[in-house]
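The structure appears right after this line, and notes come after that.
Just so you know, all these numbers are worked out from the coordinates, no wet-lab data involved. Predicted, not measured: the structure shown is a model, and the values here were computed from it. Here the Cβ positions follow ideal geometry from the backbone for every residue, glycine too, while neighbour counts run over all protein chains shown.
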Amino acid sequence: MSETAMTAGASLQVDAPGMMTTLQDGGRQGQGHLGVPPSGALDTMSLALANALVGNAPDTGALEITLLGPTLVMKGGDCAVAVAGDAEVLHNDCRVAPFCSLWLREGDVLTVRRVASGARAYLAVAGGFVAAPFLGSVATLARAGIGGFAGRPLAAGDQLGLATPGGGEASVGRRGEQHLPQREKRAIRVVPGPQAGHFSRAKQARFFSAEWTISTLADRMGYRLTGPALASAGGHNIVSDALLTGSVQVPGDGQPIIAMNDRGTTGGYPKIATVIRADLARLGQMKPGDRLRFEAVDVAHAETLWRGRQEAFQAYLDRLTG
Amino acid sequence: MTLNASIGDVAQNTPPGPDTPAFTIVPLADQGVLVDCGETIDVETNRWIDAAARAVTAAQLSGVTGIVPTYRSLAVEYDSRAMTQAELIATLETLLGGLKVTQRRYRRFHIPVVYGGEFGVDFNDLCRHHALTSEELIALHTAPEYRVFMIGFMPGFAYLGGLNDRLHTSRRETPRTWTPAGSVSIGGQQTAVSSVEAPSGWHLLGRTPLRTFDAGREPPILIEAGDSICFEAIDGDGFHALQAERDWLPRWEWRT
């Protein structure tokens, strides 16, 4: 261990916060009955990979960086860090590769300049950050002011405490594959329903044939899409029922909204389809201006894709950390 | 793959038992299933949903990762690595097919609201739309004891059943991207108390100084599904006085 391993109060100081950087983990699961959405990383695969690179459990809280990243200065100790994502990373002004665990010494500056492809990158520190869990998770839900650092995105001057100063030395130099969900260029797969029947056959067909553009109204709560109007035959009010991450609601203007992790837990617009689990991480890497199509699959196929992908990914993480 | 019945609303129909309304179980992709009693807001259905939620929680099914009970449906989330959707549906049909609904006690909250002006920017439009005076609209909205049919959308956001027919108002075509915490609003046949700042497609009638969600309070979520709410009209001064009072909570009593 380094000399500073036992130093209390080691932290990353935020010199610049980036566009929208929040602490996210695997999310606040199973709290929907309280109206509390899961939040958590939009791309859980990249989160798990960043964590694995510094020896953390896959769902440990890490910084979710949106398009333009933060500048962080190591204070009061040393620590291993890693960035997963297609990010331009500078270590003391030298370009370093993402997907690689590196050692930050006291006074070192780490900058994630931008995310080159996709929307997000994840920065993990060995041992994780100091943050108080709320309902079992440190994930930031800024709208409700919960989780993360003071319930909000990073701001200049924040001191992000490290839970295990000096941690992760054994992981330094560990290199992962350039695992980028956004490289998979194919339709976003959905299962129709639960209210597809509110839309005429023609509207349902158009939902699948159209190319949709993610509008500038796209954030952690939801992505509004623009394309042909899909007004619902049964009107755009239903008696509110549950929303999941990936529920595709269609409000009265006929422009779909895909619910994301900071979504409401319920909604009152008919849902034409629901995105399958295996495609959620890829969806989480999309940004305003990106185009997408939808493709229908059945439930059994979706389950096969999810189990297969998770098993393969877990096996990869085990090899990486083994 | 086949689309067969999957375009449209697929359903396994279950015949109603003595206490059990007709429900269908439809997929929410491979993330969950929706036990759905249809487009209805009524107390009996909602009591059954409440009982169904309690039954699913008590059963501690391996692979079930969460539930979302609403006015008329119960979403059950699962992870297919532990249980397939076909297995989940079969289990739920057995568990919920002959469910007994029992009476349980609940709390009645008295919640102060300032109607109109800057506190409810859609209040005047609603008066015009329904051809009501301000006094009539406030009287219609404060008269009922509303059942809390669900907590949803955002932490602690309370959806209420029992809105007078004359106040039913279709939601806005385009949702607002921001509405204040504590908004009392109308959307379709529903009225609600919001808990945090959030986008909304509902019409804003007024605001309460009550925070139904406060992460620093124990419990953080004050009102639960099955409780009830009566609104009491106050003025802006009353609002600011209550807002300034530390740890203020509304008065409430047990009911059966």
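Observations
- Overall form of the stretch A:200-322 per C-alpha gyration tensor (a/c, 1.5; a/b vs b/c): prolate
- The lysine pair count for the protein assembly as shown, using Cα distances under 29 Å and pairs eight or more places apart or on different chains, is 6.
- Computed label-point distance, nm, for sites B:E93 and B:A58 using a 7 Å Cα→Cβ extension: 2.3 nm
- Cβ-based net charge around B:H130, under 14 Å, with every Lys or Arg adding one and every Asp or Glu removing one: -3
- Overall form of the stretch B:106-255 per C-alpha gyration tensor (a/c, 1.5; a/b vs b/c): rounded
- Computed FRET value (nearest 0.05) for B:W254 with B:H129, which takes r as the C-beta separation and R₀ as 30 Å: 0.20
- Cβ neighbours within 10 Å from other chains - mean over A:197-205: 2
- Cut-off 20 Å, label 7 Å out along Cα→Cβ of B:T174, residues of the stretch B:189-210 by amide N: B:198-204
- Ranked A:H91, B:H203, criterion: other C-beta atoms within 10 Å, fewest first: A:H91, B:H203
- In terms of other Cβ atoms within 10 Å, B:M150, A:M260 run from fewest to most in the order A:M260, B:M150.
- Loop-located trypsin sites (Lys or Arg not before Pro) in the stretch B:80-110 (DSSP state other than H, G, I, E, B) with a sparse environment of at most 16 neighbouring Cβ atoms within 10 Å: B:R81, B:K100, B:R104, B:R105.
- For the pair A:D253 and B:T102, label points projected 7 Å from Cα toward Cβ lie 5.0 nm apart.
- Inter-chain Cβ neighbour average for residues B:163-173, partner chain, 10 Å: 2
- Label positions at A:R105 and B:A86, each projected 7 Å from the Cα along the C-beta direction, are separated by 6.1 nm.
- Of the residues A:L63, A:L160, A:L217, the one that moves most in a GNM of chain A with alpha-carbon contacts below 10 Å is A:L217.
- Between 0 and 90°, nearest 10: helix A:299-321 axis offset from chain A longest Cα axis: 10 degrees
- Sparse-neighbourhood loop sites, GluC sites (Glu not before Pro) in the stretch B:175-256 - DSSP loop, at most 16 other Cβ within 10 angstrom: B:E245
- Amide hydrogen proximity for B:D30: with H placed 1.01 Å from N in the peptide plane, the residues at 5 or more positions away or on another chain lying under 5 Å are A:R277.
- Sparse-neighbourhood loop sites, trypsin sites (Lys or Arg not before Pro) in the stretch A:178-264 - DSSP loop, at most 12 other Cβ within 10 angstrom: A:K185, A:R186
- Compared with the dominant Cα axis of chain A, that is its longest principal axis, helix A:44-53 is turned about 10°.
- Among beta bridges that DSSP assigns inside chain B, antiparallel share in %, nearest 5: 85 percent
- Neighbouring partner chain Cβ atoms per residue of A:268-281, average, 10 Å criterion: 3
- Fewest-first ordering of B:W178, A:W306 by other beta carbons within 10 Å of each residue's beta carbon gives B:W178, A:W306.
- Viscosity 1.306 mPa s, 10 °C: Kirkwood-radius Stokes-Einstein D of chain B over Cα pairs, µm²/s: 80 µm²/s
- Count Lys and Arg as plus one, Asp and Glu as minus one, and take only other residues whose Cβ is under 13 Å from that of A:L110; the net charge is then -2.
- With a Förster radius of 25 Å applied to the C-beta separation of A:A315 and A:R95, the computed FRET efficiency comes to 0.20.
- Residue-averaged 222 nm ellipticity for chain A, from DSSP H runs of 4+ at -39500 (n - 2.57), nearest 500: -4500 deg cm²/dmol
- Per residue, the convex hull around the alpha carbon atoms of the protein assembly as shown comes to 150 Å³.
- For chain A, the alpha-carbon coordinates run over 68, 36, 32 Å along the three principal axes, in decreasing order.
- Each Lys or Arg adds one and each Asp or Glu subtracts one; over the other residues with Cβ under 15 Å from the Cβ of B:R251, this totals -3.
- Whether the stretch A:58-140 is rounded, prolate or oblate, judged on the alpha carbon gyration tensor where a/c under 1.5 counts as rounded: oblate
- Using C-alpha pairs under 8 Å with a sequence gap of at least 6, the mean separation divided by the residue count of chain A gives a relative contact order of 20 percent.
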